[in-house]
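Report on the following structure.
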Ligand code: GLY
Ligand code: MN
């Protein structure tokens, strides 16, 4: 749909044309008062605690954390808005309510910080600045993209003082030491002179603050995983249908994505629906191939909840419902590797332990098959030597980002120690490329990954995705029950 007057899609119009004989524009007056009283969101108190931690860490400094804005998809259409994860973590803002170009500012006071969320308020209906936005602005107008909260509604919902984004420039003035989460909002970046070291430190802290999940976040992750389990069940129910279509992978993708939109805000990442040899491509999201009886389907997918917390689960399923002998051989080895990785999850373990445990099993298995890579000795778990067949690491932190806490320092994440409240994936895989002459013929074109989501508890780990079977026999029984 285009604006009738053909004006630019992004600016606020200045349409003050009158209805002949009335002296008024067609949108003038006659609107009911629809202001609402909104309850505090369930995550708001948790977000407030996180802001306090941030405040204590940087006394006397102004901290600026933008949400980011809309990104153009093509011409005058944008991608669905998704705020930056650091912003979400500090506000507990929810999916459809999130407002592009919002900016959280922590202003230092004598005792801590005053927190203000600069955001776009509901478009006014009564003339004045932005007075025509509600009907004429296709990017931000209420009649084009839906109602936003008023500033007082935002304050009530998030428990943060809210101000108009227009006032941000003034708020960022003065001679106050300021740290900005850079690269999220170009306008904010331009308003504050960079201090590379200080800004980078803020980015690292915002990432590390997210390593340990609180009870509310764990609840959100459980919900994301539960919807993901439902999506996998849907896919198994529609596998047969997918085999009848030239682009059956797209059918699988659509089936999962429908569940993601129904249960959550959408996807944590583009769905990987990889049938046959496509399973040997780690991030196969083209999804334009057929799904053939006798092949494996590797489905790596995750629902992102309305709170933006995501799940990330992979199952590799025999399309026919039964593994072939060669497929099962690979599957069982990956399953054993994943089980060893899972057994290594406990508080106090090094983060790298689960990967090493999984790799040891893979290395021993490949060695037993006579597939020892050049340079490897018997049973060596050195990951690099097996990379030709394993391609990547065996897991990652999970949370607001699928690959969560990406800016955390090595010593707190990769070289760190597992703690209660960490949530992570364990996802070893084996991939025999169709053209890999070092692999036995019957294994070429087989790719298997098994991925589950785990919460580190006080004395071990809880599998959040245990609603899906892992073992090959259980997979076959489960598939038979759903078809
Ligand atoms: N599920 C995609 C990944 O972990 O890379
Ligand atoms: Mn993953």
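A short reminder: the numbers here are calculations on the coordinates, not readings from a lab. These figures come from a predicted structure and were not determined experimentally. Methodologically, a virtual Cβ is constructed for each residue, glycine included, from the backbone with ideal geometry; neighbour enumeration extends over all protein chains shown.
Take the alpha carbon atoms of the stretch 243-366, find their radius of gyration, then divide it by 2.2 N^0.38 Å using N residues; give the quotient. Don't skip to the end; give the middle numbers.
On the way: Rg = 16.3 Å, N = 124, 2.2 N^0.38 = 13.7 Å.
Rg over 2.2 N^0.38 Å, computed on Cα atoms: 1.19.
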Let me understand the stretch 381-468 better: what is its radius of gyration from the alpha carbons, and its Dmax, in angstrom?
15.8, 47
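Under 8 Å for C-alpha pairs, at least 6 residues apart: give me the relative contact order for the chain, rounded to a whole percent. Please list the in-between numbers first.
On the way: 968 pairs, mean separation 62.0, N = 483.
That works out to 13 percent.
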Taking the Cα centre of each part, how many Å lie between the stretch 441-483 and the stretch 131-159?
44
As I understand it, the value is the acute angle between the Cα axis of helix 353-368 and the longest principal axis of the Cα atoms of the chain; what does it come to in degrees, rounded to 10?
30
Scoring the stretch 195-299 by relative contact order with C-alpha pairs under 8 Å, at least six apart, yields a percentage of 24
Residues of the stretch 388-427 with backbone N under 20 Å of the label point set 7 Å from the Cα of residue 332 along Cα→Cβ are none
Degrees, to the nearest 10: 215-237 long Cα axis against longest axis of the chain
60
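Rank by packing, highest mean first: peptides 84-91, 111-118, with packing defined as the count of other Cβ atoms within 10 Å averaged across residues.
Working: 84-91: 24.5, 111-118: 18.2.
Highest-to-lowest ranking by the protection proxy: 84-91, 111-118.
Where does the chain land on Rg/Rh, using Cα atoms and the Kirkwood Rh? Provide the component values of the computation, followed by the final result.
On the way: Rg = 25.7 Å, Rh = 24.8 Å.
That ratio is 1.04, to two decimals.
In what sequence, highest mean first, do 420-433, 164-177 appear when ranked by Cβ atoms within 10 angstrom?
Values: 420-433: 23.9, 164-177: 12.9.
Top to bottom by mean Cβ count within 10 Å: 420-433, 164-177.
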Kirkwood Rh in Å, taken over all unlike Cα pairs in the stretch 44-194:
16.1
Just to verify a number: FRET efficiency for residue 436 and residue 24, C-beta to C-beta distance, R0 = 60 Å, to 0.05?
0.25
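Take the alpha carbon gyration tensor of the stretch 161-208, find the square roots of its eigenvalues, order them as a ≥ b ≥ c, and report rounded if a/c is under 1.5; if not, report prolate when a/b exceeds b/c, else oblate.
Details: a/c = 1.88, a/b = 1.55, b/c = 1.21.
It is prolate, given that a/c is not under 1.5 and a/b is the larger ratio.
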